[in-house]
Amino acid sequence: MNNFGHLADYASFVLLMFYTSTMSDPITTIPAKYRRGRGALGNPANRFEARSVEDLPERWEADGEGAGRSIVFEEIAKTAITYNTSPDISFDRSINPYRGCEHGCTYCFARPSHAYLGYSPGLDFERILVARPNIAEVLRKELAAKRYAPAPLALGTSTDPYQPVEKEHKIMRDVLQVLGETNHSVGITTKGSLIERDIDLIAPLAEKGLAWVGISITSLNKDISRAMEPRVPSPQKRLQTIERLAKSGIPVRLMIASIFPGLTDSELERIIAAGADAGACAASTINLRLPREAAPIFE
């Protein structure tokens, strides 16, 4: 496992070409066979850098099939809970076990946040990931602090806590064990069916009224879903996840996120009906939002 502070592996992983850049520069398209299962076509420039790093297609050809693999760095978390005071958000605290998201949704509003790490919001966002393996023990200390005032914690508000790398790292499971031991309320949002693994931890909290889950479905059309959400379970699989969570006594909200005008908005009634049939007890929608680099990546 690589240390987050050492970026030499990444520097040797791609051929670097530096040039003066603006955010209007076109995205260099990486050969299709090396972005199989990825959402972005390439890496747009990092807006914080005077010079940008470009992945040259020739280098990917030289590196072979392994060039498209995911890389996971580890970051030692100093804090676990992130607080916000925004009047537009229904929660004031959240936890993000991972930075970047392997699901690779082309429309993800969190993509621009990868620029803060020195990476591109494009392919880097979905293949150069940061895991925070000690976040559960940090959380335990924060919850035990005398000054801490309990309120619902939100998980999955930025990047998905049940993205594919969670299967190996199991950070979410560690976090849920701490929340269970402390009887702390939690709301979880995900597109990943891996959440079914943790029903044994979520259900006891739900029985006490301390846990609820939001499952996000964008479209029932598997072709549309696969094109925009390349590594997300199929819509049918997510409906099955809603059913299994609901049958375990966990309240599930169907989240139609995002709504795409002219593409998926005509499906709203069908998605809501399918979610209700699966056992969802509530539904909500989120309009499409494409901040900063997210817009050209989606386009």
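The values are calculated or read from the model by the stated rules, or taken from the named source; none is laboratory data. As the structure is a prediction and not an experimental result, all values here were calculated from the model. For neighbour counting, all protein chains shown are included, and Cβ atoms are generated from backbone atoms with ideal geometry for every residue, glycine included.
Counting only residues that are surrounded by fewer than 17 Cβ atoms within 10 Å (Cβ to Cβ) and among the aliphatic types (A, V, I, L, M), the range 66-78 holds 2 of them.
With in contact with an Asp or Glu (Cβ under 8 Å, 6 or more places away or on another chain) and buried (at least 18 other Cβ atoms within 10 Å of the Cβ) as the only criterion, which of 264, 241 stands out?
Being in contact with an Asp or Glu (Cβ under 8 Å, 6 or more places away or on another chain) and buried (at least 18 other Cβ atoms within 10 Å of the Cβ) holds for just one of 264, 241, which is 241.
Does residue 143 meet the test of being touching a Lys or Arg at 6+ places or on another chain (Cβ under 8 Å) and either under 19 Å from residue 76 (Cα atoms) or surrounded by fewer than 23 Cβ atoms within 10 Å (Cβ to Cβ) (or both)? It is false that residue 143 is touching a Lys or Arg at 6+ places or on another chain (Cβ under 8 Å) and either under 19 Å from residue 76 (Cα atoms) or surrounded by fewer than 23 Cβ atoms within 10 Å (Cβ to Cβ) (or both).
Would you please name the residue that is surrounded by the most Cβ atoms within 10 Å (Cβ to Cβ), looking only at residues in the range 267-276 that are of a type in the set (A, V, I, L, M) and out of contact with any strand residue (DSSP E or B) (no Cβ under 7 Å at 6 or more places or on another chain)? Walk me through how you get there before you give the answer.
Of all residues in the range 267-276, those of a type in the set (A, V, I, L, M) come to 268, 271-274, 276.
Of the ones still in play, those that are also out of contact with any strand residue (DSSP E or B) (no Cβ under 7 Å at 6 or more places or on another chain) are 273-274, 276.
Working: 273: 13, 274: 19, 276: 14.
Filtering first and then ranking leaves 274.
For residue 191, the conditions (1) touching a residue at least 40 places away in the same chain (Cβ under 8 Å); (2) under 19 Å from residue 247 (Cβ atoms); (3) crowded, with 20+ Cβ neighbours inside 10 Å are fulfilled apart from (2). Looking only at residues of the range 79-115 that are touching a helix residue (DSSP H, G or I) at 6+ places or on another chain (Cβ under 7 Å) and within 18 Å of residue 142 (Cβ to Cβ), we find that the one that is surrounded by the fewest Cβ atoms within 10 Å (Cβ to Cβ) is 79.
Return the residues of the range 214-242 that are over 15 Å from the mean Cα position of the chain (by Cα) and either modelled with pLDDT under 95 or not in a helix (DSSP H, G or I) (or both); say none if nothing qualifies.
So the first thing to find is which residues in the range 214-242 are over 15 Å from the mean Cα position of the chain (by Cα), and the list is 219-227, 234-242.
Passing the criteria: 219, 220, 221, 222, 223, 224, 225, 226, 227, 234.
Evaluate the following for residue 211: is it under 23 Å from residue 154 (Cβ atoms) and crowded, with 18+ Cβ neighbours inside 10 Å? Yes, satisfied.
Would you mind finding the one in 229, 299 that is under 19 Å from residue 40 (Cα atoms), buried (at least 18 other Cβ atoms within 10 Å of the Cβ) and among the acidic types (Asp, Glu)? Give the steps one after another, and end with the answer.
Working: 299 fails: buried (at least 18 other Cβ atoms within 10 Å of the Cβ).
Being under 19 Å from residue 40 (Cα atoms), buried (at least 18 other Cβ atoms within 10 Å of the Cβ) and among the acidic types (Asp, Glu) holds for just one of 229, 299, which is 229.
Annotation: of all residues in the range 256-299 being assigned to a strand (DSSP E or B) and not hydrophobic (A, V, I, L, M, F, W, C), the one that is nearest to the chain's Cα centre (by Cα) is 258.
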